[in-house]
Amino acid sequence: INLPGGVMAGFTGRDVYFCDPYHPHAWPVQYMQSMDFLVVGLGRMDTTLAVLTTGTPYFIQGSAPDSMVVVKSDLEQACASKRSIVSFNGAVIYASPDGLVSLSPSGSKIITEKYFTRAQWQALFLPSSIYAYQHDMKYFGFYNNGTTSGGFIYDTITGEFVTHDIYVAAGYNDLQVDKLFLAGSD
């Protein structure tokens, strides 16, 4: 994932690596940060790297790879699906076993807890199957729970959560034409 200042971040296992600024071919081991849990994926909130794990999320902050600081989130919500991670509007949203989670500088929370209990979330959406895209301040999620497949849209502005029966195989948010392209599953 790209970060400001010409830095990129990547991971393997429990370790997060940073490239030398403006040298994407050089990943010095002294820039590595280790987490307590296996890393599932990465997201970005402005200048902060969100590290989503099989346990607690972490934030890595700093202006240069040699001075990064790791901060453990106060919200203990594992990431259930790497493909559910979406970064936009200064926040990172992802699927956890308990619901959709939003991490942001203004606070972290389970944003679907007012719509679904944990049991309902698990049964309806099978969090490990969720993958998502963002467009126009909305989180477009798709799922296959083994019995049914479909999707949902979470509006980050209004907080509205809408389900539908459309399921797609892939998608791409094209910022130049301001459109979300989706490929059908048939």
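The values are calculated or read from the model by the stated rules, or taken from the named source; none is laboratory data. Remember, predicted model here, so these are calculated numbers, not experimental data. No Cβ is skipped: glycine too gets one built from the backbone with ideal geometry, and neighbour counts run over all protein chains shown. Keep in mind that these areas ignore ligands, DNA and RNA; they rest on the heavy atoms of the full protein, side chains included. Shrake-Rupley method; radii C 1.70, N 1.55, O 1.52, S 1.80 Å.
Numerical summary
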read-out: Per-pair calculated FRET efficiency, R0 = 25 Å: Phe37 and Lys114 via Cβ, rounded to 0.05; value: 0.35
read-out: Karplus-derived HN-Hα couplings along segment 85-95 (A = 6.51, B = -1.76, C = 1.60, θ = phi - 60°), whole Hz, x at Gly and Pro; value: 6, 9, 10, 6, 6, x, 9, 10, 10, 8, 8
read-out: Under 5 Å, built H, 5+ apart or other chain: amide partners of Arg14; value: Val39
read-out: Å² per residue, accessible surface of the chain at 1.4 Å; value: 51 Å²
read-out: Amide hydrogen neighbours beyond the local backbone of Met45, cut-off 5 Å, H modeled; value: Ala50
read-out: Computed over the chain, the ratio Rg/Rh where both radii use C-alpha atoms and Rh is Kirkwood; value: 0.98
read-out: HN-Hα J in Hz across segment 6-22 - Karplus 6.51, -1.76, 1.60, θ = phi - 60°, x for Gly and Pro; value: x, 9, 10, 10, x, 8, 8, x, 9, 9, 10, 10, 10, 7, 5, x, 6
read-out: Long-range amide H partners of Gly171 with built H, under 5 Å; value: Ala183
read-out: ³J(HN,Hα), Karplus 6.51/-1.76/1.60, whole Hz, each residue of segment 42-55, x for Gly, Pro; value: 10, x, 10, 10, 6, 9, 9, 8, 9, 10, 9, 10, 7, x
read-out: Candidate lysines - alpha carbon under 19 Å from Lys109, same-chain residues fewer than 8 apart omitted; value: Lys72, Lys82, Lys138
